[in-house]
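Participant: Questions regarding the structure given below will be posed in turn.
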Amino acid sequence: MMPLQAPISPDWLALTPAIVLGVFAMVLFLLDSIDPDESNDGLLAGVATVGTASAMVVAGVFLLSGVGAGEGVSVFNGQLVVDGMALFFTFIFTSVAALICLASIEYLAGTDDIAGYYSLVVLATTGMTVMAAANSLATVFVSLELLSLPSYGLVAYLKNDRGSVEAGMKYFLIGALSSAVFAYGISLVYGVTGSLLLPDIASALAGGETLANLGGLLGVGVLMLVGGFAFKTASVPFHFWAPEAYEGAPAPVSAFLSSASKAAGFVIAFRVFTVAFPIETVAGTIDWVLAFQILAVVTMTLGNFAAATQENVKRMLAYSSVGHAGYVLIGLAALTGQGSGEIVLGAGMIHLLVYGFMNTGAFLFVAMAEYWEVGRTFEDYNGLATKAPVACVAMTVFMFSLAGLPIGGGFLSKYYLFAGAVGAGVWWLAGVAAINSALSLFYYSRVVKAMWLEEPNGNLGGIDTRGYPTGLYSAVMIAAVATVLLLPALGVFSDVAFEAANAVLRLGP
Amino acid sequence: MAAEGGIFTFAPAIAVLPFVSFLIALSAGRYMPKKGAFAGIAATGGSLLLSLLMVAQVASGHAHHMELYTWVGGEGVPFELTFGILLDQLSTLMLVIVSTIAFLVHVFSLGYMNDEGEPGLPRYYAELGLFTASMLAFVFSDNILMAFMFFELVGLCSYLLIGFWFRRSGPPSAAKKAFLVTRFGDYFFLIGVVGIFATFGTGMFGGPGVEESFPVLAEEAMSAMAAGEAMPEAVTTFFGLSPGAWFGVLGLLVLGGVMGKSAQFPFHTWLPDAMEGPTPVSALIHAATMVAAGVYLVARMYGFYALLPTLLAIIAFVGGFTALFAATMGVVKDEIKQVLAYSTISQYGYIMLGLGGGGYVAGVFHLTTHAFFKALLFLGAGSVIIAMHHNEDMWEMGGLKDRMPVTYYAFLSGSLALAGIVPFSGFWSKDEVLYETLVHGLGGSPILLGAYLMGIVAVFFTGFYTFRMVLLTFHGDPRSDLAEDPEPVRWNVKIPLAILGTLAAVVGVINLVPVHAVVGAVPEFLHDWLFHGPETLNGAHYEELTEQFAGYSAGAIPGLGGLGTLFASAGVSLAVALAGSALALGLYRGPDPAEHTEKLGALKTVLYNNYYQDEYQVWLAQDLTEGTVAGTAKRFDDGVVDGLVNRVSDVSLVSGYFLRRVQTGIVSNYAALITLGLVVLLVAFGIMGGWFGGVFA
């Protein structure tokens, strides 16, 4: 592929992935309104999968052909910017969404309003894609809500299931609280700097005069923004919704929220803090690096410790997802100015990419177990490998890769994160992460042990009677292959990620 | 890269072809005629052709380096881990050797394995293919990490092949021993690899187009220190050691892997046991792959070792001692493959002696000739073993000369080469090894004379055990019914023997040093070949390095001059070899030779038991390590470590339960906790950042 010499023209074409997603969401609505009563499960799933997958291909092509190279393409007077980081994250979101759409066919069989489900998934993905490109606090907020509202609906999608509805309600309430905090934070920042555009905020703060006069106000605003991000990324103390929502929601939705939605939270956090509040400028007033260090340590420790005591596999995965948010927070917490910032930030991005596959895969495996009506606890998984060995190999890959063993890409991405932290002089952060990682091996291997070493409990009959769900099974396999391949092939993505991180960091003064 | 690379573009195929044959034999071998043998033969034949093309290309002055894949790397990462191919004079030569022998071993296996109706043949050919592929990839590796990876794969494959007959009792245990002993050495090698990366930031060997290579960086550091300047920035040493001392540590660590693989004292114990594998595999292991990998690595990074006189002396002494030590054990063995096993250890000792004694060309020369004559001897022994229905005891043989003439003459050719009798190939190369060590010993490094002395004494034993083996096997009257009426062998055994028999006799012409000294018109091909390698990877450069850093210079026996010394050395080694052979002829000639080992008295027991090497190593491993050290470690582990871990897991479980209690399921609690958390953060950062003005100041 030849790198394009000039940026894409006209500019708005750089938003093609988001446009493709939006169009496909409309197509889903259209199909549903033409034929609302018929159940065209396959057609709807196909359209949604094709839509997300084609957005993924476009993002991948853009990424590799250098559309977002350097400072990227600025759209709508700088409200949106499509750069390497935006495209990288778009790739993560759309690939996870494609897996989810593929995996949902059998899971949703027999439920109402399947078109609604798929259009919500596609719309949420559109929101994420816009979040990745959002370059002003206004677009950040709008796109965040464009993601959040469909998410609430998705969690509560199983209308007749108490757990699903309750989880959706809680998610919505906590979300409303967080959005309020976030919006208030935005208003404070605007009040201090007089702008919503991220680069303009940075230049308003650059002189130091504003900070001297209104530093306290800005500090409160920035911490409130941290709160908003913490909600979306399920970081402590805004994580309370996560275990309940993930457990109650349909398993593919849990996969979607814990992989893609979390990554979306991180992309705006990465961009807002590195572009609008360069740490060199604001360190004296609000040392957000320290704030993220605290959050990282607390989040990963709480997530892993809580995961270790769960009996329910899905809930264990929910807490492990909190723990992984803690690891990725290192991407911001190690931007100490020492060492190489691009490695730290890039490592966070790479971990989210790998996590997108291995965590989605793990949740989809749980979805498959639910489809087989195996049960939810570790004991229920006993002897699963005797009936479904290939799927269990895939699950083993996910578990060990999540723990950071060199069987999948999770090993290298964690290695980059820890190495970045050490390089940035916060070796203690890497140490805490390593201890947590070791602890996580304990509960991940419990799943593996149950599947391979224990005797079946006689609850595996569903595998024979219900058979293999084609879409779900292939999504699990695709995720497993991708996880394994990301070990040798991570080089391709790591270069892109480091370059993108470098471009974002260079925007500072 | 591809455009200018020309024929080099196909270089990866040299290793990929046998790998494909591995895949084919593994997946479809069952359904193929000859169970996958033809895939292996075609693949190794293809590798051989490509290797020859590479030699031709390199001969026209085009050493080549290419990078295939960057595995870990990027702008901010301190070093790159890559896969690449280095084709220079040394590696292409070795590629030809390895692929030739692998090819012949595949053909021979048709006779040894297929015709004998062995089960599990697809597995055999698959493992053989992977073995060849790993060794070929090891040979053309352009950096030490890649070399290490394939070094390990070679070790794994030899484990699989030695244990091929895993249902018998001997092979699995022999395989395990080979694996563990070499792994012990490789452990040090691995640390050495990490050390090299940490020290130099690169593991490249060098070659055209390579900007930074660790031997060159080491050389620069040593020169800078010698001149009293600051060290180059790219080099970091550790533990406050001077570059010389630290590089010595690194060199020793890598040498651990070398000595394990090349079966140098005291890591030689695995090799005689490895005879439990099928004989063609022994040929491959001894001649071209596993064992050769160790010394090849020394030759590959000779630019590094040449800087370190202590290391060179250690290599020379280990080599000389191993040569002598193994040769003395070879004289009492009763089984034909055992004699050959000890001769392998001994001959690799010579190669080490040559490399350590400053004879880079001599070492590589002996590696080359040995590859051919030792492959020949093993395949010859394999032919005898087929004929004897898998009885390997030489005292049951005798008189096979007339019954299997092709095998006899081929084997005799290999034996004359092994014993070092002029004009067979082994004479020229062994003589050069000894000569180089002698002149450097005389020229200011007297310590090498000790190693030389051991080498020359070993020549006597070599001649003795070689001819004892030939006489017992082929001469005299048949001593058993099997030997009376041996099973005939077919073309697929005879042709490899004939080819190798010829090679073993004549391959010495590639470096006729003494002849060249008298008649200048006779070229020293190998010498010229290796001296014209790429910059920093050629013999001339190594000679400068050994002279500058190790103080090696050529001396001469007083009163004889250079030429005189050359001939005196050749004369002495030939005379000693002839003396050893003559003693064997005297003792074991005649129709019904007697066992003379009784005359050795108590020494015989010691030799039969291989100097109790196995016993003391078992004691080290079992009583000392498992008993004392492991016992202490276990007490520490149970008490301190487990105790600590248990406390930690107690704490984490308790706190986990606490966390579960916080997660009440009531959403208003969550909202309260979130708000509280945010307020705590706000207050803490507010105080720190001084947002509240003078209130808390």
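Participant: What are the residues in region A:315-348 that are aromatic (F, W, Y) and either away from every other protein chain (no Cβ under 14 Å) or under 13 Å from the mean Cα position of the chain (by Cα) (or both), if any? If you could, list the steps in order and put the result at the bottom.
Facilitator: Initial filter on region A:315-348 (aromatic (F, W, Y)): A:319, A:327.
Correct list: A:Y327 only.
Participant: In region B:164-191, which residues are at pLDDT below 90 and open to solvent by less than 10 Å² (accessible area, probe 1.4 Å)?
Facilitator: Selection gives B:F164, B:P171, B:A174, B:A175, B:A178, B:T182, B:G185, B:D186.
Participant: I would also like to ask the following. How many residues does region B:531-553 contain that are among the hydroxyl-bearing types (S, T, Y), assigned to a loop (DSSP other than H, G, I, E, B) and closer than 28 Å to B:H64 by Cα? Before you say what the answer is, go through the steps one by one.
Facilitator: First, pick out the residues of region B:531-553 that are among the hydroxyl-bearing types (S, T, Y): B:536, B:542, B:546, B:552-553.
Checking the rest, the ones that are also assigned to a loop (DSSP other than H, G, I, E, B) come to B:536, B:552-553.
Remaining after also requiring closer than 28 Å to B:H64 by Cα: B:536.
Looking only at that region, the number is 1.
Participant: Same structure again: Any residue in region B:578-590 that is open to solvent by 60 Å² or more (accessible area, probe 1.4 Å) sitting within a Cβ distance under 7 Å of a residue that is among the small types (G, A, S)? List the pairs, counting only those 6 or more apart or interchain.
Facilitator: Sorted first by the residue in region B:578-590, then by its partner, the pairs are B:L578/B:G463.
Participant: Also, I was wondering about something else. Looking at (1) open to solvent by 10 Å² or more (accessible area, probe 1.4 Å); (2) modelled with pLDDT of 85 or more, which is the only condition B:T236 fails?
Facilitator: The failed condition is (2).
Participant: For region A:247-262, check the following and say yes or no: at least one residue is touching a residue at least 60 places away in the same chain (Cβ under 8 Å), of a type in the set (V, I, T) and open to solvent by less than 10 Å² (accessible area, probe 1.4 Å). Spell out how you get there, then give the answer.
Facilitator: From region A:247-262, those touching a residue at least 60 places away in the same chain (Cβ under 8 Å) are A:247-262; that's our starting set.
If we keep only those that are of a type in the set (V, I, T) too, we end up with A:253.
Keeping just the survivors that are open to solvent by less than 10 Å² (accessible area, probe 1.4 Å) gives A:253.
Yes, some residue in region A:247-262 is touching a residue at least 60 places away in the same chain (Cβ under 8 Å), of a type in the set (V, I, T) and open to solvent by less than 10 Å² (accessible area, probe 1.4 Å).
Participant: Here is a follow-up. From the set of residues in region A:466-496 that are within 14 Å of chain B (Cβ to nearest Cβ), in contact with a Gly (Cβ under 7 Å, 6 or more places away or on another chain) and small (G, A, S), which is most open to solvent (accessible area, probe 1.4 Å)?
Facilitator: The residue in question is A:G491.
Participant: So, one more: Just to check your reading of the model, which residue among A:F62, A:F24 is crowded, with 18+ Cβ neighbours inside 10 Å and under 30 Å from A:G110 (Cβ atoms)? Break it down stepwise before answering.
Facilitator: Numbers: A:F62 fails: under 30 Å from A:G110 (Cβ atoms).
The conditions single out A:F24.
Participant: Only one residue in A:I186, A:I201 is in contact with a Gly (Cβ under 8 Å, 6 or more places away or on another chain), away from every other protein chain (no Cβ under 11 Å) and part of a helix (DSSP H, G or I), so which one is that?
Facilitator: Working: A:I201 fails: in contact with a Gly (Cβ under 8 Å, 6 or more places away or on another chain).
Of A:I186, A:I201, the one residue that is in contact with a Gly (Cβ under 8 Å, 6 or more places away or on another chain), away from every other protein chain (no Cβ under 11 Å) and part of a helix (DSSP H, G or I) is A:I186.
Participant: Filter region B:253-267 down to the residues that are at pLDDT 90 or above and open to solvent by 10 Å² or more (accessible area, probe 1.4 Å) and list them by number.
Facilitator: B:L253
Participant: Turning to a different aspect of this structure: Looking at (1) away from chain B (no Cβ under 14 Å); (2) out of contact with any Phe, Trp or Tyr (no Cβ under 8 Å at 6 or more places or on another chain); (3) buried (at least 22 other Cβ atoms within 10 Å of the Cβ), which is the only condition A:V236 fails?
Facilitator: It is condition (1) that A:V236 fails.
Results for (1) open to solvent by less than 40 Å² (accessible area, probe 1.4 Å); (2) out of contact with any Gly (no Cβ under 6 Å at 6 or more places or on another chain); (3) of a type in the set (S, T, Y), shown as yes or no for each residue.
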residue	(1), (2), (3)
B:G533	yes, yes, no
B:N538	yes, yes, no
B:L545	yes, yes, no
B:A550	yes, yes, no
B:G559	no, yes, no
B:T565	yes, yes, yes
B:G571	yes, yes, no
B:A575	no, yes, no
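Participant: For the structure I just gave you, tell me whether B:L503 is under 30 Å from B:L400 (Cα atoms), in the same structural domain as B:A362 (by the TED database) and either open to solvent by 40 Å² or more (accessible area, probe 1.4 Å) or assigned to a loop (DSSP other than H, G, I, E, B) (or both). Explain how you work it out, then say what you get.
Facilitator: Numbers: under 30 Å from B:L400 (Cα atoms): yes; in the same structural domain as B:A362 (by the TED database): yes; either open to solvent by 40 Å² or more (accessible area, probe 1.4 Å) or assigned to a loop (DSSP other than H, G, I, E, B) (or both): yes.
Yes, satisfied.
Participant: Count, please, the residues in region A:431-457 that happen to be open to solvent by 10 Å² or more (accessible area, probe 1.4 Å) and either under 22 Å from the mean Cα position of the chain (by Cα) or closer than 24 Å to A:E311 by Cβ (or both).
Facilitator: Within region A:431-457, the first condition is being open to solvent by 10 Å² or more (accessible area, probe 1.4 Å), and the residues that meet it are A:431-432, A:434-435, A:437-439, A:441-442, A:445-446, A:448-449, A:452-457.
In the following step, the residues that additionally are either under 22 Å from the mean Cα position of the chain (by Cα) or closer than 24 Å to A:E311 by Cβ (or both) were identified as A:434-435, A:437-439, A:441-442, A:445-446, A:448-449, A:452-457.
Going through region A:431-457 one residue at a time, the tally reaches 17.
Participant: Could you check how many residues of region A:283-294 are in a loop (DSSP other than H, G, I, E, B) and more than 9 Å from chain B (Cβ to nearest Cβ)? Working first, answer last.
Facilitator: Residues of region A:283-294 that are in a loop (DSSP other than H, G, I, E, B), as a first pass: A:283-287.
Going one step further and asking which of them are more than 9 Å from chain B (Cβ to nearest Cβ), we end up with A:283.
Of the residues in region A:283-294, 1 are in a loop (DSSP other than H, G, I, E, B) and more than 9 Å from chain B (Cβ to nearest Cβ).
Participant: With the requirement that a residue be β-branched (V, I, T) and buried (at least 17 other Cβ atoms within 10 Å of the Cβ), what does region B:660-680 give you? If you could, list the steps in order and put the result at the bottom.
Facilitator: Taking region B:660-680 first, the residues β-branched (V, I, T) are B:662, B:664, B:666-667, B:674-675, B:679-680.
B:V667, B:I674 - these are the residues of region B:660-680 that are β-branched (V, I, T) and buried (at least 17 other Cβ atoms within 10 Å of the Cβ).
Participant: Could you list all residues from region A:7-60 that are acidic (D, E) and in contact with a Ser or Thr (Cβ under 8 Å, 6 or more places away or on another chain)? Write out each step before concluding.
Facilitator: Keep residues of region A:7-60 that are acidic (D, E), which gives A:11, A:32, A:35, A:37-38, A:41.
A:D11, A:D32, listed by residue number.
Participant: Name the residue that is modelled with the lowest pLDDT, counting only residues in region A:295-314 that are open to solvent by 10 Å² or more (accessible area, probe 1.4 Å) and at the interface with another protein chain (Cβ under 8 Å from one of its Cβ atoms).
Facilitator: Among residues in region A:295-314 that are open to solvent by 10 Å² or more (accessible area, probe 1.4 Å) and at the interface with another protein chain (Cβ under 8 Å from one of its Cβ atoms), the one modelled with the lowest pLDDT is A:F305.
Yes or no, residue by residue, for (1) open to solvent by 30 Å² or more (accessible area, probe 1.4 Å); (2) hydrophobic (A, V, I, L, M, F, W, C); (3) free of Cβ contacts under 8 Å to residues at least 40 places away in the same chain:
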position	(1), (2), (3)
B:Y112	no, no, no
B:P119	yes, no, yes
B:Y125	no, no, no
B:V139	no, yes, no
B:D142	no, no, no
B:G155	no, no, no
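Participant: Go through region A:95-137 and give me each residue that's closer than 24 Å to A:I34 by Cβ and part of a loop (DSSP other than H, G, I, E, B).
Facilitator: A:A109, A:G110, A:T111, A:D112, A:D113
The values are calculated or read from the model by the stated rules, or taken from the named source; none is laboratory data. No experiment lies behind these values; they were computed from the predicted model shown. In this analysis, Cβ positions are derived from the backbone assuming ideal geometry, glycine residues included, and neighbour counts consider all displayed protein chains. Just the protein is used for accessible areas: all its heavy atoms, side chains included, with ligands, DNA and RNA removed. Shrake-Rupley method; radii C 1.70, N 1.55, O 1.52, S 1.80 Å.
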